[in-house]
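The block underneath contains the structure these notes are about, expressed in structure tokens.
Please treat every number below as a calculation from the coordinates, not as lab data. Model, not experiment: these values are computed from the prediction. Glycine gets a Cβ as well: all are built from the backbone with ideal geometry, and neighbour counts include every protein chain shown.
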Amino acid sequence: MLGSERGVVEEWLSEFKSLPETHIPSYAGSLHLKKSLVPALYRVIQDPNNELLEPVCHQLFELYRSSEDRLRRFTLQFLPELVWVYLRITASRDRQSNGCIEALLLGIYNLEIVDKDGNSKLLSFTIPSLSKPSIYHEPSSLGSMALTEGALCQHDLIRVVYSGLHPQRETFTAQNRFEVLCFLMLCYNSAVVYMPLSSYQSVCRMSSRLCVCGFPRQQQKLWREPCNRVLLDPEFMVQMLTAVYHAIYNGEWEMGREALEDIVYRAQLELYSQPLLLGNAMKNSLPESAPDEPRGRKVLQVEVTPTISRISISAITTASIRRHRWKREDADGMSGGEDSFNINDPDEGFSSGASNSSQPSGTKAGGGVGPRGGSLNSSSSSIKKAITARLPACHCILPSDQAEHSTETLLRGRI
């Protein structure tokens, strides 16, 4: 470690200790301006024998205990490097130089599993309702939906728990190690959008090294430091894939793809179905070349579903024709079978031929009597007028003979 980097770390350690409570928000806002601090802290964490490692871990824990979210995220950005160093030392059976990192990881875990009141935290999410619009759909395009919010509430499907109650842990054991680490990676992934580029590089290095160290694939890597095989849990590998997937599309195209290949390689060796399924799905969805955006950033494109105009309530249906015919026939029967409308009324439909062809009862030879006592021609002409009146005005104008033919076709289908 260089002397300048050591000086930067020592200044950071002393600065926060003498900071008043009222100055913490301004300090959190200016912490990202210290460009040389983050690389220096990575150097300290990567060297288990560094004498500054213990005070640095203690300082990172104090930042995480604060109520300022920016300070908590500052500590969280080093989580992948801390996990890699911890698992590497654990695999080497060297527990002497692992105490402060282990205490920091357990401290973050115990803080995250409880809320502000000290009660156990239950992480859950709510299933969105399809009756409300989103960037993926419009409710009008789905028609009637059997699964409504009321139905989902009755079946207890609204709230889904993805991380249940976790007990407090005082030390790492072989049984609880990956339970704690999976939860820590879950916390990291929940804030991954706030992480800097250096943290994305760190999570890709961690994922790649944990998956290939101790295997023949390690000989193909640039780093050749001796390392034993690290036992991995499938759930932990799924959390690694989640972080790597975000890094691929946010500036780390090459390192992210390499880490993805290494995770799939390890999942194939271990025959872990969950990371193997997710990893292959990620590989198949990647574009062929790196994105063209600056630093490899690429936003997933989502097409917004266009709003579909609703059908007019005055649209002609079979039921509307039947209702109108019954009303007209009832009216004809009450008036003694005489037609009750004037044939000289202006036509409101799209064709003048339809109204001109309609005649009162008894004026046309061969006119039959309808089933309810009204004139058949009278019923026919009333239905024609209803059809032409209810058709929307935006339809194109049809010739008289075609319009009359269309109306007669509808009548033959109904009478």
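I need 12, 84 ordered by Cβ neighbour count within 10 Å, fewest first. Don't skip to the end; give the middle numbers.
Values: 12 18, 84 22.
Going from least to most buried by this count: 12, 84.
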Using modelled backbone amide H atoms (1.01 Å from N, in-plane), which distant-in-sequence or interchain residues come within less than 5 Å of residue 233's amide H? none
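Taking the beta-carbon count within 10 Å as an exposure proxy, list 195, 237 from fewest neighbours to most.
Values: 195 22, 237 27.
Lowest to highest Cβ neighbour count: 195, 237.
Summing Lys, Arg as +1 and Asp, Glu as -1, what charge do residues with Cβ under 10 Å from the Cβ of residue 206 carry, residue 206 excluded? Show your work: numbers first, answer last.
On the way: positive: 88, 205, 209; negative: 81.
Charge balance near residue 206 sits at +2.
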Separation in nanometres of the label points that stand 7 Å from Cα toward Cβ, at residue 163 and residue 65: 2.1
Paramagnetic reach from residue 221 (point 7 Å along Cα→Cβ, amide N under 17 Å) across segment 72-86: 80-86
Residue 170 versus residue 58, label points 7 Å from Cα toward the beta carbon: distance in nm? 2.2
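Would you mind ranking 32, 246, 23 so that the residue whose beta carbon has the fewest other beta carbons within 10 Å leads the list?
On the way: 32 13, 246 18, 23 10.
Ascending Cβ contact count within 10 Å gives the list 23, 32, 246.
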